[in-house]
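Presented below is the structure to which this report refers.
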Amino acid sequence: MTPYYDFEFQPGDLAACYGTDWVSRTISIGTASLFAPRRLRLGPSHVAMLCQHRGSSLWLESTTLCGHPCAILGYPVSGVQSHLPEDRIRDYIDDGGRVDIYRLTGIDRLTHSESKLLSRILIRHFLGRLITYDTGGALLSGTRLFKRTRLFPKADLNELFCSELVAAVLMRLGRINRANPTRYNPACLLRQLVREGTYQFHTSFSQETSP
């Protein structure tokens, strides 16, 4: 198996992250479902998206739980940020967690122009505007009934949590139907993408799989 530091990511790859800290475990357990696809019965606590930047793969995410400086901005931020994928995967592996990579299925793979659009959306639009983390939206996305009601607040893309960011980008690229991206926590987003055949599990990185 190819080690994570030599893995060839593709634009649009999704990283489903399973942390071991209490916040991550609470998210995974709170969004668990017996009726989900097998690998997703216990939901990921975090999700990130891969794109290309200056010929290299870049990991884009929105989080408050990363102390690394943003690879583009050069300093730590709370909200949308970029990192080398090997650095973020190592963070999870070193803490005893894992990262599952999901890849677009053949019919949904990005064209060259779509890959460039993906990078432009993630880096110029969201990262370039210094989008902060949406704590309130992240909490509401974990509700099972309230988020299905008309009382659920409208999306505000000036603040984003992890799966809200990914869902908004996939809607722009036409890989998921238009809806309120704030309704998607990491688990329900990945489950929908897998059930609809848009993404499929590709590989997993953990202490057990690392050389």
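The values are calculated or read from the model by the stated rules, or taken from the named source; none is laboratory data. Just so we're clear, the structure is a prediction, and the values are computed from it rather than from any experiment. For neighbour counting, all protein chains shown are included, and Cβ atoms are generated from backbone atoms with ideal geometry for every residue, glycine included.
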Check Thr132, Thr105, Thr111 and return the single one that is among the β-branched types (Val, Ile, Thr) and closer than 22 Å to Leu190 by Cβ. Thr105
All positions within the range 186-211 that are out of contact with any Leu (no Cβ under 9 Å at 6 or more places or on another chain) and assigned to a loop (DSSP other than H, G, I, E, B): Glu196, Gly197, Ser206, Gln207, Glu208, Thr209, Ser210, Pro211
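Would you point out the residue of the range 152-185, among those that are more than 13 Å from the chain's Cα centre (by Cα) and assigned to a helix (DSSP H, G or I), that is surrounded by the most Cβ atoms within 10 Å (Cβ to Cβ)?
Restricting to residues being more than 13 Å from the chain's Cα centre (by Cα) and assigned to a helix (DSSP H, G or I), the top hit is Thr182.
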Output the residues belonging to the range 1-23 that are hydroxyl-bearing (Ser, Thr, Tyr), at pLDDT below 95 and not in a loop (DSSP other than H, G, I, E, B). Tyr4, Tyr5
Read through the list (1) small (Gly, Ala, Ser); (2) farther than 20 Å from Asp21 by Cα; (3) surrounded by fewer than 21 Cβ atoms within 10 Å (Cβ to Cβ), then give the number of the only condition that Gly137 fails. (3)
Can you name the residue in the range 56-114 that is in a loop (DSSP other than H, G, I, E, B) and among the small types (Gly, Ala, Ser) and, of all such residues, is surrounded by the fewest Cβ atoms within 10 Å (Cβ to Cβ)? Gly67
Across the range 148-189, what is the total count of residues that are among the basic types (Lys, Arg) and either closer than 19 Å to Asp108 by Cβ or in contact with a strand residue (DSSP E or B) (Cβ under 7 Å, 6 or more places away or on another chain) (or both)? 3
